[in-house]
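These notes are about the structure you will find just below.
The values are calculated or read from the model by the stated rules, or taken from the named source; none is laboratory data. Keep in mind that what you see is a predicted model, and the values were worked out from it rather than measured. Cβ sites come from the backbone with ideal geometry, for glycine too, and all protein chains shown count toward neighbours.
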Amino acid sequence: MFYLGRNNKLKDLERVIEEYQDRLFSFAFFRVGSFDVAQDIVQDVFFKFFNENSRLDRVASIKSYLYRAILNRCIDYRRTHRQMLCLDAIRELAVPQEEKQFYEEFISIEELLRELPDEQAEILRLHFTDNMPFVDIASLMELSVNTVKSRFRYGIEKLRNSPKLKDFNFDE
Amino acid sequence: MNNLTPSRLPVAPDSLKTNVINRLNLQQTMKKRTLIRRISISAAAVVVAVVAIIIPVSLATNAVAQSKQIISSAIEKMADVDNYTVSFKLRAEPNENFASINANVDFVNGRFSRSFGTVPYWKIEKQGGRTAIFNGDSVYMWISDQPLGFSFNSSTQYGVLETFSALLEPQMLLESQLLALSGDNAVAAIEKTDSQIFLTVDAEAVGDFKNDYMLNASIGESYNRRTYVFDKASKLLNSFKVEVIIEGKYITVLQSEQISYNQPIDWAVALQRPAIQWRNASEEFSSNVLSKLSAAQAVTEILRALSLSDIAATQNAFYYYDAKQVESKFFGLKILAVGAAFTSGDYAGQFVPCRVKLKNGEIFETNLAIRNDNDNGVWLIDGGVSL
């Protein structure tokens, strides 16, 4: 149920935030490797989502809109902040104890995915890290399902054949 | 389970939703983020011209002559005035510099008093906010509830008063209008009633608005209409009103409530200063590591120093702020983004967009006002920090 008027539009936004914030925050974190940056990106996307749409109920697919916007912001961030994404630097970060496990997992996932070209790494990240089905990945990336599947296969194959990574487990 | 699937997913911080809603509410109530400029004048400034750029309007020759006559009479009459006090209301944040306006906020009451005696005292105050006095020797400016005030040498009076410097020398204001009436194009509209004469002048926004951040941030930086009402018998200024024109709408931002002439003023009381720390605003700054940087680089360095809680590195840059307040709010921040510097309006410095995360988790986004128009080009934070 969506409402008209600015105050009601704010209520709509609050509902959307409550529904998506955890998934989107995690989605952003496993791309930028920072709680602060992930929070900033997600907040900014919600802010723009509110301002760019006079009626939130007119947005064709809120989920796709938000994921796509955050993915684009993360890609921009990764492109412009390469130094901050240096895994050794992230290892050295003083993070609160309760966040430590997430940073460690980010580093180990990144170590694997950085063996791959970006377009294959992103498909694997979406599938495994974000638990997204191929159909949703295809829609998000604006690719055919077949292209998604083939990039996925190439990625998996490359990881399996990498001597450096032979001990890792790649259950599909 | 595989090595690409996290064992647990992080959840969004509690502050995420609040930050978005707060930011949207802030956007709604203040379409343009207000800028608290501490000093607002150049340390080297001597006199700021107050003459508006007048928009010509067609006016019959006899009306021009009448206008000239009215203004000339008013100038003559002002010579008999020993002192005067103007009570006014202004749409502005009380703490902001005197030029600042905000068409989206309620009026704040203010008062300006001026003596034309041997020692030319004056005082201006915005209720609950900024006050400035001139004791015949120096200018002092302070903000209510702030622990730090500033002293200036007497040559900076006009700079401190900004828009209100027009009230410092009313003859000058009137003469500027008279001058404007002397060209080929008439510049004002005039109306008369039995007891009053209305003089209306339209003025263009002054400054560079390729980036319109500062458009409508002050009367001078707005398209505005100034209406002066003279008493027909005494020829003295009775009242005035300034409207700014935003999206075709006339919004009153400054209005006199009462102008009283030659009423006794107890200057010993009026010129009292609060017992706070005073700092000389005309200080000369030695070159430092920031001097050779661009505005954005300087802001990045200053933010980095704040993130490292480096008191020594931030002291100079925050000369116009209380060190404890700066420390309490900004030390330990995390830099999220620093944007490209820009100029806007008639501000002598530059604005640098930046977004930081404060140690309390709040995301603070602002356009930091930074200026280096001092002898050694030292960058000083001048506004946008909301302290």
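Among (1) among the acidic types (Asp, Glu); (2) assigned to a loop (DSSP other than H, G, I, E, B); (3) without any contact (Cβ under 8 Å) to a residue 24 or more places away in the chain, there is one condition B:GLU301 misses while meeting the rest; what is its number?
All conditions are met except number (2).
Go over the candidates B:ILE363, B:ILE370 one by one and state the one that is within 14 Å of chain A (Cβ to nearest Cβ), in contact with an Asp or Glu (Cβ under 9 Å, 6 or more places away or on another chain) and touching a residue at least 60 places away in the same chain (Cβ under 8 Å).
B:ILE363
Inspect region A:91-98 for any residue being more than 14 Å from chain B (Cβ to nearest Cβ), in contact with an Asp or Glu (Cβ under 8 Å, 6 or more places away or on another chain) and of a type outside the set (Ser, Thr, Tyr) and give the result as yes or no.
Checking region A:91-98: not a single residue is more than 14 Å from chain B (Cβ to nearest Cβ), in contact with an Asp or Glu (Cβ under 8 Å, 6 or more places away or on another chain) and of a type outside the set (Ser, Thr, Tyr).
Confirm whether B:ILE381 is within 14 Å of chain A (Cβ to nearest Cβ) and in a strand (DSSP E or B). Talk me through it step by step, then tell me what you get.
Numbers: within 14 Å of chain A (Cβ to nearest Cβ): no; in a strand (DSSP E or B): yes.
It is false that B:ILE381 is within 14 Å of chain A (Cβ to nearest Cβ) and in a strand (DSSP E or B).
Does any residue of region B:136-156 turn out to be surrounded by fewer than 18 Cβ atoms within 10 Å (Cβ to Cβ), more than 17 Å from B:ARG273 (Cα to Cα), within 23 Å of the chain's Cα centre (by Cα) and modelled with pLDDT of 80 or more?
no
May I ask you to list the residues in region A:1-33 that are polar (S, T, N, Q), modelled with pLDDT of 90 or more and over 20 Å from A:ASN131 (Cα atoms)?
Within region A:1-33, none qualify.
Kindly indicate whether B:GLY349 is more than 14 Å from chain A (Cβ to nearest Cβ) and either small (Gly, Ala, Ser) or out of contact with any Leu (no Cβ under 9 Å at 6 or more places or on another chain) (or both). Even if it seems obvious, please write down each step before you answer.
Values: more than 14 Å from chain A (Cβ to nearest Cβ): yes; either small (Gly, Ala, Ser) or out of contact with any Leu (no Cβ under 9 Å at 6 or more places or on another chain) (or both): yes.
Yes, satisfied.
Condition first: surrounded by 14 or more Cβ atoms within 10 Å (Cβ to Cβ), at pLDDT 90 or above and of a type outside the set (Phe, Trp, Tyr). Can you find one or more residues in region A:81-94 that meet it?
no
Could you list, ordered by first residue, the pairs with Cβ atoms under 9 Å in which the first is in region A:127-151 and in contact (Cβ under 8 Å) with a residue 12 or more places away in the chain and over 19 Å from A:TYR20 (Cβ atoms) and the second is buried (at least 18 other Cβ atoms within 10 Å of the Cβ) and small (Gly, Ala, Ser), at least 6 apart or interchain?
A:VAL148/A:ALA138; A:LYS149/A:ALA138
Across region B:307-346, which residue is farthest from the other protein chains (Cβ to nearest Cβ) among those that are in contact (Cβ under 8 Å) with a residue 40 or more places away in the chain and among the aliphatic types (A, V, I, L, M)?
Checking each candidate, the answer is B:ALA317.
Taking region A:103-157 as the search range and keeping residues that are of a type in the set (S, T, N, Q) and not in a loop (DSSP other than H, G, I, E, B), which one is surrounded by the fewest Cβ atoms within 10 Å (Cβ to Cβ)?
Within region A:103-157, the first condition is being of a type in the set (S, T, N, Q), and the residues that meet it are A:108, A:120, A:129, A:131, A:139, A:144, A:146-147, A:150.
Next, from what is left, pick out any that are not in a loop (DSSP other than H, G, I, E, B): A:108, A:120, A:129, A:139, A:146-147, A:150.
Details: A:SER108: 15, A:GLN120: 21, A:THR129: 21, A:SER139: 18, A:ASN146: 10, A:THR147: 15, A:SER150: 14.
Checked region A:103-157; the qualifying residue surrounded by the fewest Cβ atoms within 10 Å (Cβ to Cβ) is A:ASN146.
Within region A:12-47, how many residues are among the basic types (Lys, Arg) and within 10 Å of chain B (Cβ to nearest Cβ)? Quick ask: steps written out before the conclusion?
Step one: filter region A:12-47 for residues among the basic types (Lys, Arg), giving A:15, A:23, A:31.
If we keep only those that are within 10 Å of chain B (Cβ to nearest Cβ) as well, we get A:23.
Total meeting the criteria: 1.
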